[in-house]
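This report concerns only the one structure given below.
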Amino acid sequence: MTTTPADVKIDYFPDYLATPGTALAGKVAIITGGASGIGDAVGRVFAANQAKVVLVDVDGDRLKKVVASIQDGAGETAVTVVGVTADVTDEAAVQGLFAQVVADWGRVDLVVNSAGRDSLSPPVTEVTLAEWNATIGPNLTAVFLMCREAFRVMETQSSGGRIINMGSSSTRLASGPGHSPYRASKHGMLGFSKNILLEGKGKNIGVTVMNPSHVATPMTQIIDKGLYDGDIPAYVDGWLDEKEMREGIHASCIDVANVAEAALYVATRTPDVTIPTFSMYPTHKAHRYGMEV
């Protein structure tokens, strides 16, 4: 792995700037979906706290800008962050990723599975198999592949490690019609995480599902245009509340800093502490989500 070349033009303005610390000194972290949104923000706070960070994404051009932005924004603080362009739904790519990280740095302490795809699809009678597969792949299959390889490395380490799988309110709820591929993928991820949590017991491998919902990221920003995943029309009937319909969903979301700093908290717990799930959402959604997420 190599760091981003110094001549990369930094025309990327992050949503979150982390405060430097030492909480993750000596740790090695792999973060998927690292080129934007939650993955970007978690990468920043982990790097600022002296972890060696590997950001993974399919968007290589944007990933270079994120890595360069983190390096440039660190100022006098030494940070170690590299970008790897890879498709985490590809088994060989995931295996190669872990092999390279272990070859370079000898270990993997933290894995954050933030890569994913939104699916604001219409009711089930209109959902295509292509839409289903395009959502299940990054949201569930990729999590399986990343967690399997993480376990294969972490169970050889006396210190074990921690895995954080990014869910949403959809890991537990169906808050309106439509969106069935997305909700199925997140429910599946939660079920899978419950299982490997048990398998990590006795190996010092912790597994947490974080359920941030309605977070201000590029993924939510595009919904205000009535779209998702680039240019696909979004089905939002019965999903948005009055505030979101009045002010827009992106303006009604919580800051991504909340998620990044919560991830840092989870990542710094000792192996004798288990945090199975950790949820957050905008307060104006309490009437809909309550304590159920």
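First select every other residue whose beta carbon is under 14 angstrom from the beta carbon of ALA92; then total the charges, Lys and Arg +1, Asp and Glu -1. Overall, the nearby charge balance is -3. Less than 18 Å from a label point 7 Å out along the Cα-to-Cβ axis of GLU126: which backbone N atoms in segment 230-254 qualify, by residue? Correct set: 230-240. Each Cα pair under 8 Å and six or more residues apart adds its separation to the average, and for segment 150-205 the resulting relative contact order is 50 percent.
Cα centroids of segment 175-223 and segment 41-106: 22 Å apart. Comparing mean-square fluctuations of MET210, MET245, MET154 from a GNM of the chain with C-alpha springs under 10 Å, the top value falls on MET245. Counting alpha carbon pairs within less than 8 Å and at least 6 residues apart, what relative contact order, in whole percent, applies to the chain? The normalised contact order for the chain reaches 18 percent. Recomputing volume of the Cα convex hull per residue in Å³ from the coordinates shown identifies the correct label among [x] 114; [y] 125; [z] 134 as [y]. List, in the order given, every pair from LYS186/LYS225; LYS201/LYS285; LYS52/LYS201; LYS65/LYS203; LYS27/LYS194; LYS52/LYS225 whose Cα-Cα distance in the structure shown is over 28 Å. Beyond 28 Å between Cα atoms: LYS201/LYS285; LYS65/LYS203; LYS52/LYS225.
Between 0 and 90 degrees, rounded to the nearest ten: what's the tilt of helix 37-48 against the longest Cα principal axis of the chain? For helix 37-48, the angle is close to 30 degrees.
Highest mobility in the GNM of the chain, judged by mean-square fluctuation with C-alpha springs under 10 Å and restricted to SER169, SER159, SER185, is found for SER159. Each peptide in 23-30, 35-42, 87-94 gets a packing score, the mean of other Cβ atoms within 10 Å over its residues, and the list from highest to lowest is 35-42, 23-30, 87-94.
Only Cα pairs under 8 Å and 6+ residues apart enter the sum, and on that basis the relative contact order of segment 48-158 stands at 26 percent.
A helix-only calculation puts the chain at -11000 deg cm²/dmol for mean residue ellipticity at 222 nm, using -39500 (n - 2.57) for each DSSP H run of at least four residues, averaged over all residues.
A Gaussian network model of the chain, with springs between Cα atoms under 10 Å, assigns the largest mean-square fluctuation among ARG246, ARG183, ARG172 to ARG246.
Values quoted throughout were computed directly from the atomic coordinates according to the rules given, and no laboratory measurement underlies them. Just so we're clear, the structure is a prediction, and the values are computed from it rather than from any experiment. Heads up, the Cβs are rebuilt from the backbone with ideal geometry, glycines too, and the neighbour counts pull from every protein chain shown.
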